[in-house]
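The values are calculated or read from the model by the stated rules, or taken from the named source; none is laboratory data. Note that the structure is a prediction, hence the values are computed from the model and not measured. Heads up, the Cβs are rebuilt from the backbone with ideal geometry, glycines too, and the neighbour counts pull from every protein chain shown. All accessible areas refer to the heavy atoms of the entire protein, side chains included, with ligands and DNA or RNA removed. Shrake-Rupley method; radii C 1.70, N 1.55, O 1.52, S 1.80 Å.
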Amino acid sequence: MGHSEGAGPELTAEIAAKVEAFVREVVVPYEKDPRRDHHDCPSEELVAELKDKARAAGVLTPHILADGRHLTQRETAVVLRASGLSPLGPLAVNTAAPDEGNMYLLGKVGSPAIKERFLKPLVEGRGRSAFFMTEPAAENGAGSDPSMMLTTCRLDGNHWVVNGKKAFITGADGAKMGIVMAKSDDGACMFLVDLPDPAIRIEHVPNTIDSSMPGGHAVVTIDNLRVPADQMLGQSGEGFRYAQVRLAPARLSHCMRWLGACIRANEIATDYANRRMAFGKTLIDHEGVGFMLADNLIDLKQSELIIDWCAGVLDAGEAGGAESSMAKVAVSEALMRVADRCVQVMGGSGVTGDTIVEQVFREIRAFRIYDGPTEVHKWSLAKKIKRDWRAAHEQH
């Protein structure tokens with residue numbers, strides 16, 4: 001992102017404060033809104049209403065400035081954390097996955113025509129997007145290992161023809177545009193497509209443990225999808241390189257948003273522990289409970305710091321693959337502990353839908369898997385450790 005970008009500390013603090021006030025005052029009351037689909041995800045109508053309110057409050061897409069500049073990753077962290085204070089917050093202010101990652105990618109590598117046609121409506125919050133990469137396990141398609149890609153594309157005149165199956169495509173149902181990954185003779189390719197398209201059929205939207213993402217996580221069949229050649233992102237065979245451009249920042253932005261959600265869950269659990277009496281004193285005065293909340297404070301602070309550290313690496317222009325793997329593991333595991341303790345501190349209340357604590361627990365459990373399970377990141381880090389060791393010993 002270079003150092004020329006960004007808003008500077010004062011403007012960033014101002015943006016984040018506006019986002020936080022909006023989420024706490026306007027969005028939080030919507031958490032009880034019954035407008036949900038059959039997978040318990042927020043309905044399109046609910047999301048549109050929240051976006052309208054964000055637009056009116058001047059906090060829509062707050063991580064991209066009016067002149068099109070992105071905040072730096074360190075600045076983005078402060079703003080996205082504020083947006084995450086409610087599970088509905090990122091949807092309301094347009095910082096949610098996969099849109100935020102797609103905006104970042106198109107802003108980085110999209111041609112002027114692609115930016116005008118596909119990026120502009122996303123930034124303006126006029127439609128959701130989806131990222132079509134993962135494929136069904138039953139057919140041995142690409143999951144955490146994108147080199148297993150089975151979806152194909154071939155050039156036919158001035159169009160590419162795409163065929164394959166995709167799985168766990170977040171938000172595909174109801175999206176207005178998509179980024180589709182497929183494999184040509186040259187290697188991986190990325191295409192921008194308008195949705196819905198009759199050649200992209202949603203076969204099934206499974207019920208999943210999480211419920212914060214509209215449209216759920218669909219299984220999709222792509223049957224002779226014809227895409228004009230100028231809707232390819234970059235050149236044929238460059239798809240993996242672009243996936244990497246998107247990957248580290250998107251991984252990190254998940255950490256930022258869910259940190260916000262766990263800060264809020266911890267506030268709720270803390271409030272409960274300071275009010276609830278048991279065995280002659282408030283829960284907070286029982287060491288077992290007090291220590292859990294102390295551990296939460298430590299895990300939340302460590303998460304904040306490792307996000308900031310990794311963001312700094314990305315801002316310095318480095319790819320940040322290993323650093324974002326470390327951050328994803330550290331933050332997702334720490335936030336799982338935080339969410340789990342919040343449920344435990346609240347006892348029976350913690351497992352009901354009366355507060356967002358139970359939902360945050362479910363969302364974080366899913367977060368430990370998407371954007372690469374913990375084990376894949378550790379395996380990747382172990383390979384780097386071996387490479388670095390070998391390089392050091394070959395010099396001697």
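Points worth noting:
- Each label was represented as a point 7 Å from its Cα along the Cα-to-Cβ direction; for ALA17 and ALA56 these points are 2.4 nm apart.
- Shown for the chain: the carbon plus sulfur share of the solvent-accessible area, taken with all protein chains present and a 1.4 angstrom probe, equals 55%.
- Cα centroid of the stretch 141-181 to Cα centroid of the stretch 83-102, whole Å: 24
- LEU85 exposes around 10 Å² of accessible area when a 1.4 Å probe is run over every protein chain in place.
- The mean sequence distance of close C-alpha pairs (under 8 Å, at least 6 residues apart), as a share of the length of the stretch 274-376, puts its relative contact order at 22 percent.
- Local charge for GLU20 was computed over the other residues whose Cβ lies under 14 Å away, with Lys and Arg +1 and Asp and Glu -1, and equals +2.
- Note on surface exposure: MET292, MET177, MET326 rank MET326, MET292, MET177 by accessible area, highest first, 1.4 Å probe.
- Backbone amide hydrogens, once placed in the peptide plane, bring ALA130 within less than 5 Å of MET177, GLY178, ILE179, excluding anything fewer than 5 places away on its chain.
- Measure of compaction for the stretch 158-271 (Cα Rg per 2.2 N^0.38 Å): 1.29
- Relative contact order of the chain: 16 percent, from C-alpha pairs under 8 Å at least 6 residues apart in sequence.
- Added length on full extension, which subtracts the Cα-Cα distance from 0.36 nm per residue, TRP389 to GLN302: 28.5 nm
- Ellipsoid equivalent to the stretch 210-288 - semi-axes via the Cα gyration tensor, in Å: 49, 16, 8
- For the stretch 1-62, the C-alpha radius of gyration sits at 1.41 times the compact-globule guess of 2.2 N^0.38 Å, with N the residue count.
- The residues packed around VAL109, meaning those with a beta-carbon under 15 Å from its beta-carbon, carry a net charge of +2 if Lys and Arg are +1 and Asp and Glu are -1.
- Equivalent ellipsoid semi-axes - Cα gyration tensor, the chain, angstrom: 35, 25, 21
- Spacing of the two label points (7 Å from each Cα toward its C-beta) at VAL28 and GLN344, in nm: 2.6
- Calculated diffusion of the stretch 251-350, Stokes-Einstein form, Kirkwood radius summed over Cα pairs, 10 °C and 1.306 mPa s, µm²/s: 111
- The smallest convex shape that holds all Cα atoms of the stretch 147-188, its convex hull, gives 91 Å³ per residue.
- Residues in the stretch 167-189 reached by a label modelled at SER144 [backbone nitrogen below 19 Å; 7 Å Cα→Cβ]: 167-170
- Most positive-pole-ward Cα, GLY350, VAL376, ALA339, against dipole of the stretch 337-396 from beta carbon charges: VAL376
- Residues TRP379, TRP309, sorted by accessible area with the largest first, give TRP379, TRP309 [1.4 Å probe; ligands and nucleic acids excluded].
- Note on LEU305: accessible area is roughly 100 Å² with a 1.4 Å probe, heavy atoms of protein only.
- Diffusion coefficient, µm² s⁻¹, Stokes-Einstein with Kirkwood Rh over alpha-carbon pairs of the stretch 87-139 at 20 °C and 1.002 mPa s: 177
- As a length-normalised measure over Cα pairs under 8 Å and 6 or more apart, the relative contact order of the stretch 191-287 settles at 19 percent.
- Mean Cβ neighbour count within 10 Å, used as a protection proxy, ranking 149-160, 349-360 highest first: 349-360, 149-160
- Counting heavy atoms of the protein chains alone, LEU195 has an accessible area of about 20 Å² for a 1.4 Å probe.
- With a Förster radius of 45 Å applied to the C-beta separation of LYS108 and ASN274, the computed FRET efficiency comes to 0.50.
- Loop trypsin sites (Lys or Arg not before Pro), the stretch 355-396, which have at most 12 other Cβ atoms in a 10 Å radius of their Cβ (DSSP): none
- Accessible area per residue, Å², the chain with all protein chains present, probe 1.4 Å: 45
- Stretch gain in nm, segment ALA66-LYS115, where the contour uses 0.36 nm per residue and the Cα spacing is subtracted: 16.2 nm
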